[in-house]
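Student: One structure is given below, represented as C-alpha cells, and several questions about it will come after.
The values are calculated or read from the model by the stated rules, or taken from the named source; none is laboratory data. Every value quoted in this text rests on a predicted model; they were computed, and no experiment measured them. Backbone-built Cβ (ideal geometry, glycine too); neighbour counts: all protein chains shown. The area values use the complete protein model at the heavy-atom level, side chains included, leaving out ligands, DNA and RNA. Shrake-Rupley method; radii C 1.70, N 1.55, O 1.52, S 1.80 Å.
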Amino acid sequence: MTNPLLADWSTPFGLPPFDQISDDDFMPAVEAALAASRANIAAIADNPDAPDFDNTIAAMEAADEMLSRVLGAFYCLAGADSNPAREALQRDFAPLLSAYSSEISENKALFSRIEAVWAQRDTIDLTDEQQRVLMLTRRGFVRAGAQLDGAAATDLRTVTSRLSVLGTEFVQNLLADERDWYMPLGPDDLSGLPEFVIATAKAAGEEKDAGGPVVTLSRSLIVPFLQFSDRRDLRQKAYEAWGARGANGGKTDNRGIAAEMLKLREQRAKLLGYETFADFKLETEMAGTPGAVRDLLMQVWEPAKAAAVADASALEKMLHADGFTGPLEAWDWRYYSEKRRKELHDLDEAELKPYLQLDRMIEAAFACANRLFGLEFAAIDGPVYHPDVRLWEVTRKGEHMAVFIGDYFARGSKRSGAWCAAMRSQQRLSGDIRPHVVNVCNFAKPETGKPAPLSYDDARTLFHEFGHALHQMLSDVTYESISGTSVARDFVELPSQLYEHWLEVPEVLAEFATHADTGAPMPEGLLNRMLGAATYDMGFQTVEYVASALVDLGFHDGPAPADPMQRQAEILEEIGMPHAIRMRHATPHFAHVFAGDGYSSGYYSYMWSEVMDADAFAAFEEAGGPFDPATAKRLEETILSSGGSVDAADLYTKFRGRLPGVEALLKGRGLGKAA
C-alpha cells in the first residue's frame, strides 16, 4: 500500500491528506524523503559541469521538496494536536534532521561549488533576488561551520545534534506540565467569576472528564480566573502552578535542559569564532549587536518600570482595603487591576466579551485585508487534522492566492501560545506554488452551540497572527528560502504587530463588534471607553515582557551561567524588577528561547518590530486614514510581497523613507518619553 505522504496529493489545492495519514506513515516517509534529499545533494555536489547559479544554488533550493512537504504536515500536527506517538517521532526526528543538516554544511564539494559561484557573483548576470539568495546561502553555510575542519567540525556536529534533541525535550516537558495540571472548582470556588469564565471552566472540565468546572494552565482560562476570582487562596494556587511549568522536579523539569543548552550555545559560538552566542545570533539581525538590543530595551524599561511602580502602589492600597496585610503579590495584580480599570474607565472584561466574538473578529480580519489588499476569503471543505480546524480559499480578482487554515481553540494536545506557520510556502521555481498558511491560537472553547467570546487581548492575538499570515499570502518571490516570513527575526514581527492596529480602528469595531445574543453593535460609549483604556496597565505589560527579553539577552551575552535560575534572579535584581510582577516567560517555560534557536537572544524582536509598526501605521494616518490605498499598495510592494529578497532595513526605508526611533513606541504605549 502506498504511503499517503509520498503519493501525489489529489486533495483540494494539494492540502495534506490528513484523513488518510496515520502516525505510522511518518517515519518511513521521512526516511524516504531524506534519502531523496541526499541523492539530490549528491547530484549537485558531484555535478561535472562548472558551478553556476542554476546548477548549484537553484538546484539546492529544490533539493528538499519532498522532505519539506512531509515535515510541513508532521510539525503542524506535532504542535497543534500532539499525542504520545507524535512526541516520540519528534524525539526520533531531531537527531536525524540535525545529522542531515550537518552533512550538507560539511560537504566540502558542495561548499566549493557555492564558493565558486560566489567568487564570480560580480561578473555573471544575476537578478537582485538571485544575488540575495546566493549571499544568504553562502552565509548560512559559513555560519553552520562549512569552513571548519577536523575536531572543530566534529564538535560542532555533536553540539548542534544535542541542541536539537534538548529543544524537543524542553517543549514536550512544558506541554506535559500544561496538560496534566488542573484545579477543580467547587460551588464555593466560583465567587466573583462572571458567567463566561464559569462556562469556559465547565468546558475545560468536560475535556478533562473532571466532573465539573476546572482551571487549567491555558492562558485563555487562567488569566480571566486571576482577573475575577475573589478567592485569593485559589488565585495563588493557580498562579504558582502557572509559574512553575517546567520547574516541578521529576522527568518534566526543564532547568537542567536550559543550563545545558546555554552551555552548548556558547560552545557553538566559540567554535565559529564569536565571543558570545548573542554576538553570533545578532550578526544577521537588524539590531546587529547585543549593545544595540540592550540600549533599546533600557530606553523602554525605565519609563515602563516607573509606570508599573506607581500602579503597584495604587493596587496595594486596594489589597489592604480588602483586609489583607503584606505586599501586593503577583497573583493579586490582575484581580485588582481589573477592579481599578472598572473604576477609572468604567470598563470590565465581562462587559466587553459578548461583543468580541471569534467569528466576527475573523470576519473583521478578513474585511480589513480585503479593503487594504483586495483579498477575498471563501470557506472550503478539505482534509483537516482536527475537527476544530477551518479552511478558507484566498483569492484576489479571481486568482487563487493561498489556503488559510484556522485552528483557534485550546485543547490538551496543543502547545500553549499562538503561532503562524506555512505548511507550504510561496515560490515560483517549480511552478506557481501558492502557500498553505496556518494560524494556531489557544482561545477558550465555548460550550457546544454557543459563540466563542474573546478578550480584547485575544482579539489582538487573532489580528497579530493574521498579520503573519498576510506576510505569507502576499509573498511574491521566486525562491522558497526567501519567501514570506523568511526574514530577519527582529523584522518578522513587523507585519503582525502592524496589523493589530486595524483592530483599534473605530469603524472596524463599529461594524464587527456585535453582541453575541442580540447582534447589536457595541455602544459608542463602550467602544470609546475600550479604546480610551487601550494603554491601561501598560506599565505591567511592558515590564513583564522587557524583563523576559533582558534575561534572554543576559543568558547569551557572556559566559553561559551554570545555574540559569540564579542568573535570572541576578538580572531581575540588577534591573530592579517590581516585586508584584514576574517575567512573562520564566526560564523553565521560556519556549521562545529554549524550544530551538529561533528567538534565542531574540525575544527583544517584538519590541524592535514595535518601534517600526508604530511608525508604519503613522504612515497611513498621515496619508489620510487607515485604509489609504496608496499606502497599502506601497506596504505590500515594499514589505509584504518581498519576503527576505532585500535587507530588512532597506525594505523599511523604501516604505517609509527612513528608519524610526523609539518615540512612537513609547507614545503608543502611553509611557511618555524615555528618561
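Student: Which distance in Å, rounded to a whole number, links the C-alpha centroids of the stretch 1-35 and the stretch 431-467?
Tutor: Using only Cα atoms, the two centres lie 27 Å from each other.
Student: Can you tell me what share of the DSSP beta bridges in the chain is antiparallel? A percent to the nearest 5 is fine.
Tutor: For the chain, the DSSP antiparallel bridge percentage is about 80.
Student: Tabulate in residue order the Karplus-calculated ³J(HN,Hα) for the stretch 478-495, using 6.51 cos²θ - 1.76 cosθ + 1.60 with θ = phi - 60°, rounded to whole Hz; enter x for Gly and Pro.
Tutor: Those phi angles translate into 8, 10, 4, 5, 10, 7, x, 8, 7, 10, 4, 4, 8, 10, 5, 7, 4, x Hz.
Student: Got a sec? Charge dipole of the chain, +1 on Cβ for Lys and Arg, -1 for Asp and Glu; which of Pro561, Phe26, Ala488 is way out at the positive end?
Tutor: Pro561
Student: Give me the compactness ratio for the stretch 491-566, meaning the Cα radius of gyration over 2.2 N^0.38 Å.
Tutor: Details: Rg = 19.6 Å, N = 76, 2.2 N^0.38 = 11.4 Å.
Ratio of Rg to 2.2 N^0.38 Å for the stretch 491-566: 1.72.
Student: Using only the alpha-carbon atoms, how far is helix 108-119 inclined from the longest principal axis of the chain? Give it as 0 to 90 degrees, nearest 10.
Tutor: The helix 108-119 is inclined about 90 degrees to the chain.
Student: Residue separation times 0.36 nm, minus the C-alpha to C-alpha distance between Glu621 and Glu524: what's the value?
Tutor: On the way: separation 97, 0.36 × 97 = 34.92 nm, distance 2.17 nm.
Computed gain between Glu621 and Glu524 is 32.8 nm.
Student: Kindly write out, for the stretch 595-610 in residue order, the coupling ³J(HN,Hα) from the Karplus curve 6.51 cos²θ - 1.76 cosθ + 1.60 (θ = phi - 60°), rounded to whole Hz, with x marking Gly and Pro.
Tutor: 6, x, 8, x, 10, 5, 6, x, 5, 4, 4, 4, 6, 4, 5, 5
Student: So how far apart, in nm, are the two label points at Glu637 and Asn47 if each is 7 Å from Cα heading toward Cβ?
Tutor: The answer from the label model is 3.4 nm.
Student: Under 37 °C and 0.692 mPa s, how fast does the stretch 421-549 diffuse according to Stokes-Einstein, given a Kirkwood radius computed over C-alpha pairs? Answer in µm²/s, whole number.
Tutor: On the way: Rh = 17.2 Å.
Using the Kirkwood radius from Cα pairs, D works out to 190 µm²/s.
Student: Fully extended, how many nm does the chain gain between Leu96 and Asp346 (0.36 nm per residue separation, minus their Cα-Cα distance)?
Tutor: Working: separation 250, 0.36 × 250 = 90.00 nm, distance 5.65 nm.
So the extension gain works out to 84.3 nm.
Student: Let me ask another. Under 23 Å Cα-Cα from Lys633, which lysines qualify once same-chain neighbours fewer than 8 residues away are excluded?
Tutor: Lys397, Lys654
Student: Follow-up. For Ala292 and His386 in the same chain, what is the full-extension length gain: residue separation times 0.36 nm, less their Cα-Cα distance, in nm? Could you put the intermediate results ahead of the total?
Tutor: On the way: separation 94, 0.36 × 94 = 33.84 nm, distance 4.33 nm.
So the chain would gain 29.5 nm between Ala292 and His386.
Student: If you find the alpha carbon centre of the stretch 497-515 and of the stretch 82-117, how far apart are they in angstrom?
Tutor: 43 Å
Student: Mind putting a number on the dipole of the chain about its Cα centre? Charges go on the C-beta only, +1 for Lys and Arg and -1 for Asp and Glu, and I need it in Debye to the nearest 20.
Tutor: Values: 65 positive and 101 negative charges, 147 e Å.
So the dipole magnitude of the chain works out to roughly 700 debye.
Student: Would you mind checking the tilt of helix 150-180 against the longest principal axis of the Cα atoms of the chain, expressed as 0 to 90 degrees and rounded to 10?
Tutor: Taking the Cα atoms of the chain, the angle to 150-180 is about 30 degrees.
Student: Going by Cα centres, the stretch 265-324 and the stretch 348-381 are how many Å apart?
Tutor: Comparing the Cα centres of the stretch 265-324 and the stretch 348-381, I get a distance of 33 Å.
Student: Considering only protein heavy atoms and a probe of 1.4 Å, how much of the accessible area of the chain is carbon and sulfur, as a whole percent? Mind showing how you got there, number by number?
Tutor: On the way: 13410 of 26690 Å².
Reported share for carbon and sulfur atoms: 50 percent.
Student: Let me ask you something else. For the chain, take the convex hull of the Cα atoms, compute a quarter of its surface area, and give me that in nm², please.
Tutor: Numbers: hull surface 119.8 nm².
The directionally averaged projection comes out at 30.0 nm².
Student: If Ser102, Ser430 are ordered by their accessible area, calculated over protein heavy atoms with a 1.4 Å probe, which sequence runs from highest to lowest? Intermediate results must be reported in sequence, preceding the final value.
Tutor: Numbers: Ser102 10, Ser430 60 Å².
Listed by decreasing accessible area, they come as Ser430, Ser102.
Student: With a point put 7 Å past each Cα toward its Cβ, work out how far Ala314 is from Thr2 in nm, to one decimal.
Tutor: The modelled label-to-label distance comes out at 6.6 nm.
Student: How much area per residue is accessible in the chain when the probe is 1.4 Å and only protein heavy atoms are counted (Å²)? Display every interim value, and only then the final one.
Tutor: Numbers: 26690 Å² over 675 residues.
Accessible area per residue, the chain: 40 Å².
Student: On C-alpha positions alone, give me the angle between the axis of helix 219-228 and the longest principal axis of the chain, in degrees, nearest 10.
Tutor: The angle comes out at about 20 degrees.
Student: Right, here's the next one. So which chymotrypsin sites (Phe, Trp or Tyr not before Pro) in the stretch 321-371 end up in coil per DSSP with only 11 or fewer other C-beta atoms within 10 Å? Before the final figure, lay out each step's value.
Tutor: Working: sites: Phe324, Trp331, Trp333, Tyr335, Tyr336, Tyr355, Phe366; in loops: Phe324.
Of the chymotrypsin sites (Phe, Trp or Tyr not before Pro), not one in the loops of the stretch 321-371 has a Cβ with at most 11 other Cβ atoms within 10 Å.
Student: Using a basic spin-label model with each label point 7 Å from the Cα along Cα→Cβ, how many nm lie between Arg584 and Ala109?
Tutor: Going from the Arg584 label point to the Ala109 one covers 4.8 nm.
Student: Please give the net charge around Asn107, taking every other residue with its beta carbon less than 11 angstrom from that of Asn107, where Lys and Arg add +1 and Asp and Glu add -1.
Tutor: Values: positive: Arg38, Lys108, Arg113; negative: Asp46, Glu103, Glu106.
So the surrounding residues net to 0.
Student: Could you give me the radius of gyration and the Dmax of the stretch 530-675, taking only the C-alpha atoms into account and expressing both in angstrom?
Tutor: In Å, with Rg to one decimal and Dmax whole: 18.1, 55.
Student: Relative contact order (percent) for the chain, with alpha-carbon contacts under 8 angstrom and 6 or more residues of separation? Please report the intermediate quantities before stating the final value.
Tutor: Working: 1060 pairs, mean separation 110.3, N = 675.
Here the relative contact order equals 16 percent.
Student: Please list, in order along the stretch 187-202, the HN-Hα scalar couplings obtained from phi with the Karplus expression 6.51 cos²θ - 1.76 cosθ + 1.60 (θ = phi - 60°), rounded to whole Hz, x for Gly and Pro.
Tutor: With the stated coefficients, the stretch 187-202 comes to x, 7, 8, 9, 4, x, 7, x, 4, 5, 6, 4, 4, 5, 5, 5 Hz.
Student: Within 10 Å of each candidate Cβ there may be at most 16 other Cβ atoms; applying that plus a DSSP loop requirement, which chymotrypsin sites (Phe, Trp or Tyr not before Pro) in the stretch 400-501 survive? All intermediate terms of the calculation are to be shown ahead of the outcome.
Tutor: On the way: sites: Phe404, Tyr408, Phe409, Trp419, Phe443, Tyr456, Phe463, Phe466, Tyr479, Phe491, Tyr499; in loops: Tyr479.
Counting only loop positions with at most 16 other Cβ atoms within 10 Å, none of the chymotrypsin sites (Phe, Trp or Tyr not before Pro) in the stretch 400-501 qualifies.
Student: Past 26 Å, Cα to Cα: identify those pairs from Lys108/Lys263; Lys305/Lys342; Lys251/Lys414, in the order given. Spell out each step's value before the answer.
Tutor: Values: Lys108/Lys263 28 Å; Lys305/Lys342 23 Å; Lys251/Lys414 20 Å.
Pairs exceeding 26 Å: Lys108/Lys263.
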